[in-house]
Every structure is written in C-alpha cells, then in structure tokens.
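Below is one structure, written out as structure tokens; the observations come after it.
The values are calculated or read from the model by the stated rules, or taken from the named source; none is laboratory data. Just so you know, these numbers come straight off a predicted model, no measurement behind them. For neighbour counting, all protein chains shown are included, and Cβ atoms are generated from backbone atoms with ideal geometry for every residue, glycine included. The area values use the complete protein model at the heavy-atom level, side chains included, leaving out ligands, DNA and RNA. Shrake-Rupley method; radii C 1.70, N 1.55, O 1.52, S 1.80 Å.
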Amino acid sequence: QVQLVESGGGLVQFGGSLRLSCAASGGIFSIYDMGWYRQAPGKQREWVARINNAGRITNYADFAKGRFTISRDNAKNTWYLQMNDLKPEDTAVYYCNAEIQALATMALGHYWGQGTQVTVSS
C-alpha cells in the first residue's frame, strides 16, 4: 500500500530556512501532481504549492511566492518544499499530497502524508 512520509520539520528562528521532504513508498506506481498543504492551529488547511509530473509547471499560494520553492526527484519518488525567509505566521503542520497511479491496475488515487510540524519563533 502506498504511503507518504514527510520529514524536515522543526523549530527555526524568524528569517530562517527549512527544507521539507516527502517520500512515497509501498508499491510500483507513477506520481503525477505533487503538492504541499499546511494547517495552523485554529485554522483551516490551506494549499501551499504544487508541481506537475515533469516538474516544468509550479504554482504557489500568494504567501509562498518568492519564499518557497517546490521541486521533485522522480527517480527517488520524492518531492521537496524549500522554505526561506520564514515568518511566525508560517508555523503550521505541513502535509504533502500527490496523485498516484498504481501501474498494475492503472488506478488513480489521492494520497496524504501524516504531516510534519514547522515552528517559526520570533
């Protein structure tokens, strides 16, 4: 069964940087769109960024533009979120997600990781 596992979260000071990773495992599959979401305490989950299959198209939420960069390594079934110039309002649990196709059945599914905590201090 396909699983997504995030890593790279932690505590960082205002203006610092973190790189989050998400690795997919558990079967033979192809990963199409990959993305990141986040959820701060008391707030709804919000979209952060997405990248298409070939890595040629990226999209970002307004708060992420100019500070965050999404990328992917298809050979490793892994994608990343590089976060620079972090602010206290970036504090949240960050979740990776992806549209994944099982090659044996050609079935498509949408998968989520369990989340990784990012805390930005002032």
| task | Examine segment 71-79 for a residue that is among the charged types (D, E, K, R) and open to solvent by 50 Å² or more (accessible area, probe 1.4 Å), and state whether such a residue exists. | result | yes
| task | Being open to solvent by 40 Å² or more (accessible area, probe 1.4 Å) and either in a strand (DSSP E or B) or within 23 Å of GLN3 (Cα to Cα) (or both) narrows it down to one of GLN101, GLN114, so name that one. | result | GLN114
| query | Are any of the residues in segment 93-101 at pLDDT 95 or above and in contact with a helix residue (DSSP H, G or I) (Cβ under 8 Å, 6 or more places away or on another chain)? | reply | no
| query | In segment 48-59, how many are within 18 Å of ASN84 (Cα to Cα), out of contact with any Lys or Arg (no Cβ under 8 Å at 6 or more places or on another chain) and either open to solvent by less than 60 Å² (accessible area, probe 1.4 Å) or in contact (Cβ under 8 Å) with a residue 24 or more places away in the chain (or both)? | reply | 1
| query | Looking at segment 12-47, which of its residues are open to solvent by 70 Å² or more (accessible area, probe 1.4 Å), free of Cβ contacts under 8 Å to residues at least 60 places away in the same chain, in a strand (DSSP E or B) and of a type outside the set (Phe, Trp, Tyr)? | reply | GLU46
| query | In segment 66-79, is there at least one residue being assigned to a loop (DSSP other than H, G, I, E, B) and free of Cβ contacts under 8 Å to residues at least 24 places away in the same chain? | reply | yes
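Yes or no, residue by residue, for (1) among the charged types (D, E, K, R); (2) closer than 14 Å to ASN77 by Cα:
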{"position": "VAL2", "(1), (2)": "no, yes"}
{"position": "GLU6", "(1), (2)": "yes, yes"}
{"position": "GLY9", "(1), (2)": "no, no"}
{"position": "GLY16", "(1), (2)": "no, no"}
{"position": "ARG19", "(1), (2)": "yes, no"}
{"position": "ALA23", "(1), (2)": "no, yes"}
{"position": "PHE29", "(1), (2)": "no, yes"}
{"position": "TYR37", "(1), (2)": "no, no"}
{"position": "ARG45", "(1), (2)": "yes, no"}
